[in-house]
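Data block below; observations after.
Derivation of every value follows stated rules applied to the coordinates shown; laboratory data play no part. A quick note: this is a predicted structure, and the numbers were derived from the prediction, not measured. Quick reminder, even Gly has a Cβ in these numbers, built from the backbone with ideal geometry, and neighbours come from all protein chains shown.
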Amino acid sequence: MKKFVVAAMCAAVVGPVWAAPDWSKVPATKIPVFYPGQSSLEWVLTKKDHSASNQIEVKKRACIKCHDTDATEIGDKIAAGKPVGNLRQPLDGVVPKGKVGSIPVSVQAAHDGKKVYLRFEWDAPKSGGDKKMDAKNNMKLTVMFDENKVEFADRGGCWATCHEDLRGMPDANDAAKTHEKSKALGWGEGATKYIKESRTGLVLSGKPRGGWDKLKSDAEIEAALKEGKFMDLIQFNSGKGAKAVDGYVLDARHMGGGGSLVKAVGKKSGKHWTVVFERTLAAGGKGDHTIEPGKLYNLGFAIHDDYADGRFHHVSLGYTLGLDNAEASFNAVKQ
């Protein structure tokens, strides 16, 4: 098989491309990312759709507690157009051709006292041969995390940002494209990810579900940002010359503003991907969390494989990140 290398990084890099940790000494955790279809936060919290909604909303039980062994099976069913949860019909009626149900990913974490390093490895599935939704990027890897201030992030990770009325979802509304704040919030193609803390309410039952149009005031959004009520977001893009993203999710998905991501580097050899994020522990910009010893951070990640875009990704459930903390799903041990 012919091998090739694709690499991209943000900011100037001094020294070797592969910096810092001796990864041979860092334990790896196997995590399945799976195809979620159109399963929004509202879907997860509605009993007629999801039988365990009470476990999540009332008992605050993390999704991984129930789905630690069957996430792959769920992804396979959704990708195959089969019902899941309490549904009698498929959760996604427009699954891209050849979309696989899940991808096993190896995750490692380490730190050096000033920076944290996250490393992801997996084998890319065979291309489904469908259209290239994002022709510039064969693959994107996104990581989001919070410091226990975003509701539901401790249970579902990225699901805290996914809603029924986002673009590509069942209750998406074209009015978002012409909203007075559409340009500032990046809603040119429709509403993007947001968290409950940025809205005056969420509609869980009936139609439409969600709360894209229930924005709090600018002052309230700014206060939430200062209080740390947001999901920190970093992203690697595989396209030639593409810059890594350091942003956040609050009232919308902001693909910029952060200053903590030192670099994001990806390499593909054959079908094998390796992506490494290098980030300062200190908050360096807007929408950045400081990562401190003794704390656990809620984390989720997603892979847009095979030129996928929008909601057509593979996602993880919610996990935790900590520094020298054996209780963390991903324990970043100092080297």
Would you kindly compute the Cα radius of gyration of the range 27-111 and its largest Cα-Cα separation (Dmax), both in Å? 14.2, 46
Descending semi-axes in Å of the chain, equivalent ellipsoid built from Cα gyration tensor: 28, 24, 21
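Could you give the C-alpha radius of gyration of the range 45-182 expressed as a fraction of 2.2 N^0.38 Å, taking N as the number of residues it contains? If you can, show how the numbers build up before the last one.
Numbers: Rg = 17.7 Å, N = 138, 2.2 N^0.38 = 14.3 Å.
Normalised by 2.2 N^0.38 Å, the Cα Rg of the range 45-182 equals 1.24.
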Length gained, residue 94-residue 213, 0.36 nm per residue minus C-alpha separation, equals 40.3 nm
How big is the range 182-231 along each principal axis, measuring the range of its Cα positions in Å and listing the largest first? 33, 24, 19
Compute the separation of the alpha-carbon centres of the range 283-304 and the range 126-140 and state it in Å as a whole number. 28 Å
Cα radius of gyration and Dmax for the range 224-288 (Å): 13.2, 44
Please find the FRET efficiency linking residue 295 to residue 189, where r is the Cβ-Cβ separation and R0 is fixed at 45 Å, and quote it to the nearest 0.05. 0.80
What fraction of the DSSP beta bridges in the chain is antiparallel, stated in percent and rounded to the nearest 5? 90 percent
Would you order 203, 276 from fewest to most other beta-carbon atoms within 10 Å of each residue's own beta-carbon? 203, 276
For the pairs 59/226; 214/243; 181/229; 60/97; 60/177; 183/240, note any where the Cα-Cα span goes beyond 24 Å. 59/226; 214/243; 60/97; 60/177; 183/240
